[in-house]
Amino acid sequence: MAADEAPPATGLTREGAQRVDRWLWCARFFKTRSLARQAVSGGRVEINAHTARPAKSVRVGDRVSVATSAARFEVRVEALNEQRRPAPEARQLYTETPESVEARQRAAEERRQRRAAVQFDRARPDRRARRAWIRFRRGED
């Protein structure tokens with residue numbers, strides 16, 4: 001086992017099926033099963049290019065598309081697990097497509113560039129500036 005690999009996850013199985021909301025929770029895409037169920041019900045999850053329902057089952061080999069508040073993920077189901085395990089073990093449940101990784105990195109870089117372009121003046125206004133602002137709001141200036 002390489003230094004960057006996680007140890008085999010407890011309870012992994014490559015057979016059978018599992019509810020999509022439970023799998024998303026176990027794979028740590030959502031913090032709670034309730035949030036996972038809401039995302040599925042809201043149409044933000046697709047299984048094999050079809051909109052999913054919370055009780056829809058996923059199997060090993062299915063392609064799942066998940067839109068979270070942070071990003072959009074395109075993954076292939078590699079395993080199922082009945083328990084929510086630590087993040088390194090949860091990453092063994094899926095593999096992300098190279099296109100998805102590239103799109104997420106590109107979006108993150110765009111957000112960084114937009115944030116760097118905005119200049120904020122975080123200093124509190126002094127008395128003179130505050131009074132000028134008050135006069136401006138009243139229409140006196």
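Restricting the first member to segment 40-51 and to residues that are on the phi > 0 side of the Ramachandran plot, and the second to residues that are of a type outside the set (Asp, Glu), the beta-carbon pairs closer than 9 Å and six or more apart or on different chains are 43/51; 43/52; 43/67; 48/63; 48/64; 49/63; 49/65. Among the residues making up segment 55-72, those that are within 18 Å of the chain's Cα centre (by Cα) and either open to solvent by 40 Å² or more (accessible area, probe 1.4 Å) or under 18 Å from residue 16 (Cβ atoms) (or both) are 63, 64, 69, 70, 72. Could you list, in sequence order, the residues of segment 6-46 that are more than 18 Å from residue 72 (Cβ to Cβ) and assigned to a strand (DSSP E or B)? If the condition is that a residue be more than 18 Å from residue 72 (Cβ to Cβ) and assigned to a strand (DSSP E or B), then 13, 18, 19 are the ones that fit. Looking across segment 116-141, just one residue is among the aromatic types (Phe, Trp, Tyr) and either part of a loop (DSSP other than H, G, I, E, B) or touching a residue at least 12 places away in the same chain (Cβ under 8 Å) (or both), and that is 120.
Can you spot a residue in segment 99-115 that is open to solvent by 60 Å² or more (accessible area, probe 1.4 Å), not basic (Lys, Arg) and not in a helix (DSSP H, G or I)? No, segment 99-115 contains no residue that is open to solvent by 60 Å² or more (accessible area, probe 1.4 Å), not basic (Lys, Arg) and not in a helix (DSSP H, G or I). So, residue 19, is that one basic (Lys, Arg) and more than 22 Å from residue 108 (Cβ to Cβ) or not? The answer is yes for residue 19.
State yes or no: is residue 76 open to solvent by 70 Å² or more (accessible area, probe 1.4 Å) and in a strand (DSSP E or B)?
So residue 76 fits the description; yes.
With the structure loaded, tell me whether residue 89 is crowded, with 18+ Cβ neighbours inside 10 Å and out of contact with any Asp or Glu (no Cβ under 7 Å at 6 or more places or on another chain) or whether it fails that test. It is true that residue 89 is crowded, with 18+ Cβ neighbours inside 10 Å and out of contact with any Asp or Glu (no Cβ under 7 Å at 6 or more places or on another chain).
The values are calculated or read from the model by the stated rules, or taken from the named source; none is laboratory data. Computed from a predicted model, the values in this text were never measured in an experiment. No Cβ is skipped: glycine too gets one built from the backbone with ideal geometry, and neighbour counts run over all protein chains shown. Each accessible area value is taken on the protein alone, full model and side chains, heavy atoms only, with ligands, DNA and RNA left out. Shrake-Rupley method; radii C 1.70, N 1.55, O 1.52, S 1.80 Å.
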